[in-house]
């Protein structure tokens with residue numbers, strides 16, 4: 001397919017032409033230097049050939065969409081829109097001097113850390129568009145540029161649409177029937193208007209496609225895969241990769257395995273979920289996809305990248321009925337998206353009554369504290385002061401309360417006790433010392449990690465009403481069981497309903513003789529399978545040497 005010749009750059013007042021940046025199906029992009037303020041800008045000019053009202057309307061819509069979203073740090077900023085002297089609509093936008101992701105992945109495979117950071121930042125841009133009711137519908141490496149700061153910048157909203165709208169009139173889809181007549185082995189350059197096949201979800205190949213936010217999630221996951229693998233997700237090196245071949249693999253969900261040893265299995269599972277054939281199996285939102293990538297960052301020891309999603313204020317907000325409302329400074333907050341939702345604080349266990357010795361020693365400081373706090377301080381066992389447990393994120397460390405010395409201690413007249421009482425006191429003291437030693441030994445044994453295979457067990461504690469309260473390690477819950485494209489491996493992923501620091505997992509493939517394997521992440525991959533064969537694993541949560549009582553049995557298929 002031959003490329004068309006670019007049109008001549010228009011003469012724009014206040015701008016000096018530099019050079020051609022690129023050409024698309026409906027427009028050319030030129031580099032200009034703006035005179036005031038002085039800066040380099042990119043100018044997108046609509047073609048005049050066969051210029052109809054629909055094309056003009058769509059061009060104006062793109063300018064309005066980008067203007068609405070251009071405050072986002074990872075979306076290309078638009079500065080101005082107008083019509084040139086030769087009657088060609090154009091708009092002036094931010095010039096991104098760096099290479100696009102399409103240029104970068106063709107030169108080299110991006111490091112995992114860079115790919116995750118870029119993916120999370122672009123996901124925030126996509127989520128912002130979705131929050132404004134806009135689908136991008138053409139997310140791909142070529143539409144993610146790099147600005148002067150080295151940040152990704154999402155662009156080309158030319159075929160975007162509102163969530164409740166139908167596809168634009170000029171946008172055509174690429175059905176299987178049309179793909180049969182496409183040029184073979186042209187997967188990376190051949191595309192119909194509004195559809196980039198290698199990164200498109202299967203619903204876009206239907207006769208009446210109805211994309212939604214999960215369609216953009218698919219394309220975003222496919223883009224992240226591409227920059228990591230160095231090729232598109234459904235392209236098999238050395239094989240036929242024509243349009244019909246790609247559509248068939250996309251519809252079957254036959255993702256090509258990533259040939260990199262530094263890519264963790266958890267990231268492979270996240271990308272596979274993002275590119276699931278059924279949109280119901282994908283991440284529901286771009287923020288959910290970004291959160292999953294944040295968790296991979298933390299697993300690898302990286303600081304989680306921020307998900308930039310500002311609060312969008314409805315245009316239908318009523319005006320403030322105050323005389324000076326025009327002079328008010330309006331403060332708009334920014335949403336902070338966490339990698340994981342914070343765990344609820346652990347319930348406070350019932351405390352034993354205070355010892356009799358503490359009852360005889362006055363403590364004015366403790367008495368002045370709130371009742372709940374004083375109860376917790378008085379109920380602290382002696383061993384906790386010697387070996388304190390590590391503080392969690394929700395733990396507040398308070399300063400200890402020191403009893404104030406009495407001004408005039410009372411004078412106590414010492415009376416000699418009878419010999420029988422002295423012997424009784426001695427025996428009681430010895431028994432108390434023995435009891436303290438036994439308790440210390442039990443606590444020490446409990447703190448030593450067990451090396452043998454843990455047994456399912458439950459801990460019991462007495463309630464205030466005399467009943468027995470039993471709490472055990474939670475049972476894992478299956479999240480997914482995804483088979484690789486070649487059918488020789490299956491990745492199982494599960495969840496820990498009530499995670500605690502130090503939790504890890506044991507899993508074992510059924511029907512094997514070797515022992516269980518241990519992992520710190522809730523995922524396991526079974527390899528060396530025969531395509532189509534069934535495989536099952538048993539999974540337990542291990543907490544302080546105690547295993548969950550009911551193992552998770554997960555199978556595929």
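Below are the figures for this structure:
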{"read-out": "Total residues in the stretch 236-255, condition in contact with a helix residue (DSSP H, G or I) (Cβ under 7 Å, 6 or more places away or on another chain) and in a loop (DSSP other than H, G, I, E, B)", "value": "1"}
{"read-out": "Selection within the stretch 485-525 - in contact with a helix residue (DSSP H, G or I) (Cβ under 9 Å, 6 or more places away or on another chain), surrounded by 13 or more Cβ atoms within 10 Å (Cβ to Cβ) and in a loop (DSSP other than H, G, I, E, B)", "value": "485, 521, 522"}
{"read-out": "Residue check for residue 233: at pLDDT 95 or above, buried (at least 24 other Cβ atoms within 10 Å of the Cβ) and assigned to a loop (DSSP other than H, G, I, E, B)", "value": "yes"}
{"read-out": "Per-region count, the stretch 75-91, residues modelled with pLDDT of 90 or more and surrounded by 21 or more Cβ atoms within 10 Å (Cβ to Cβ)", "value": "3"}
{"read-out": "Verdict on residue 147 being over 18 Å from residue 294 (Cβ atoms) and surrounded by 20 or more Cβ atoms within 10 Å (Cβ to Cβ)", "value": "no"}
{"read-out": "Pair list, Cβ < 6 Å and 6+ apart or interchain, from the stretch 68-80 residues that are assigned to a strand (DSSP E or B) to residues that are surrounded by fewer than 20 Cβ atoms within 10 Å (Cβ to Cβ)", "value": "78/67; 78/70"}
{"read-out": "Residue 38 being under 28 Å from residue 149 (Cβ atoms) and loosely packed, with under 13 Cβ neighbours inside 10 Å", "value": "yes"}
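The values are calculated or read from the model by the stated rules, or taken from the named source; none is laboratory data. Fair warning: this is a prediction, and the values are worked out from it, not measured in the lab. Every residue, glycine among them, receives a Cβ derived from its backbone with ideal geometry; neighbour counts consider all protein chains shown.
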